[in-house]
């Protein structure tokens, strides 16, 4: 089995995932040296089984929502299973796009580590925060990863979702670190290898759409206590904030993404029907075709 890049997603982020998949092959000098596969959350029934049920996150109980923008997140731990616990894999969120050559990461000397990722100290008030939105995996060393079993443990309150996502339950000596450029958070520079449009409200393909993600609990800490107690009820019931997605503050990142979409439409990686359906479902901004058209006109000028 070839080394494989896995992009995990749900249907809400499928256009991003397809543009992401295309970017890895597009920007590699040796595109035949690896495979790219999309993990679609909707293909796994066990998520449906737990809809509306309480699970453990950061020491508190929440209700699982399959409608949340990021309901696919547990599938980022599925790559070793899909590789039959053999070989190497890179797993990324659907809002991560290759700027550099992914083969440089796939062939990286892992120094006998099972996992490589980047640090994000202080995020979610955790100094030990490790970002698993991009990981390099030695699948043979991760035979204890079984997503359905591990997901079940959340609802038996035996596993904490946040500890799972930040690798806090993995032996620290099995984890290595790579440079921030392999998971560059909303930063596009000449050194960027993988650009990650991680701030949900400014994702370039969502501009102008109603917000469709669940509010984070850390927002409650900014409210007066009586209001926080009231809001906590809504958070646990999957409350979504009012408002709309706004434009990304860096126009070059919007241009980068829509150039990928333009090329995907031209070569059939994204079909016209798929993009129109995503727009109709409010998964992609309504002016997407205009943005693509403007890029074509600019290129022709």
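Output the number of residues of the stretch 281-299 satisfying the condition of being in contact (Cβ under 8 Å) with a residue 24 or more places away in the chain and not in a loop (DSSP other than H, G, I, E, B).
Total meeting the criteria: 5.
Of the residues that make up the stretch 65-73, is at least one part of a loop (DSSP other than H, G, I, E, B), under 18 Å from residue 183 (Cβ atoms) and touching a residue at least 24 places away in the same chain (Cβ under 8 Å)? Please lay out each step first, then the result.
Keep residues of the stretch 65-73 that are part of a loop (DSSP other than H, G, I, E, B), which gives 65-72.
Checking the rest, the ones that are also under 18 Å from residue 183 (Cβ atoms) come to 70, 72.
Those left that are additionally touching a residue at least 24 places away in the same chain (Cβ under 8 Å): 70, 72.
Yes, there is a match, as at least one residue in the stretch 65-73 is part of a loop (DSSP other than H, G, I, E, B), under 18 Å from residue 183 (Cβ atoms) and touching a residue at least 24 places away in the same chain (Cβ under 8 Å).
Residue check: is residue 87 surrounded by fewer than 22 Cβ atoms within 10 Å (Cβ to Cβ) and touching a residue at least 12 places away in the same chain (Cβ under 8 Å)? Don't jump to the end; show me each part of the working.
On the way: surrounded by fewer than 22 Cβ atoms within 10 Å (Cβ to Cβ): yes; touching a residue at least 12 places away in the same chain (Cβ under 8 Å): yes.
Spelling it out, residue 87 is indeed surrounded by fewer than 22 Cβ atoms within 10 Å (Cβ to Cβ) and touching a residue at least 12 places away in the same chain (Cβ under 8 Å).
Checking the condition buried (at least 21 other Cβ atoms within 10 Å of the Cβ) and under 28 Å from residue 205 (Cα atoms), which residue from 77, 151 passes?
On the way: 151 fails: under 28 Å from residue 205 (Cα atoms).
Testing whether each residue is buried (at least 21 other Cβ atoms within 10 Å of the Cβ) and under 28 Å from residue 205 (Cα atoms) leaves just 77.
Tell me, yes or no, whether the stretch 207-218 has at least one residue that is at pLDDT below 95 and over 23 Å from residue 283 (Cβ atoms).
Yes, the conditions are met somewhere in the stretch 207-218.
Which one is nearest to residue 67 (Cα to Cα) among residues in the stretch 245-280 that are in contact (Cβ under 8 Å) with a residue 24 or more places away in the chain and outside any helix (DSSP H, G or I)?
For the stretch 245-280, the residue satisfying everything is 245.
Exactly one condition in (1) farther than 27 Å from residue 267 by Cβ; (2) in contact (Cβ under 8 Å) with a residue 24 or more places away in the chain; (3) part of a helix (DSSP H, G or I) is false for residue 105; which is it?
(1)
I need the full set of residues from the stretch 89-104 which are over 10 Å from residue 24 (Cβ atoms) and touching a helix residue (DSSP H, G or I) at 6+ places or on another chain (Cβ under 6 Å), in order please.
The answer is 89, 91, 94, 95.
I want to confirm something. Restricting to the stretch 43-64 and keeping residues that are in a helix (DSSP H, G or I) and out of contact with any helix residue (DSSP H, G or I) (no Cβ under 8 Å at 6 or more places or on another chain), which single residue is surrounded by the most Cβ atoms within 10 Å (Cβ to Cβ)? Write out each step before concluding.
Pass one, the stretch 43-64, residues in a helix (DSSP H, G or I): 43, 46-49.
Narrowing further to those that are out of contact with any helix residue (DSSP H, G or I) (no Cβ under 8 Å at 6 or more places or on another chain): 43, 48-49.
Details: 43: 9, 48: 10, 49: 13.
The extreme case among them is 49.
Filter the stretch 3-21 down to the residues that are under 24 Å from residue 86 (Cα atoms) and touching a helix residue (DSSP H, G or I) at 6+ places or on another chain (Cβ under 7 Å) and list them by number.
3, 5, 6, 7, 8, 9
The values are calculated or read from the model by the stated rules, or taken from the named source; none is laboratory data. Please read these numbers as outputs of a predicted model, since none were measured by experiment. Glycine also receives a Cβ, built like all others from the backbone with ideal geometry; neighbour counts cover every protein chain displayed.
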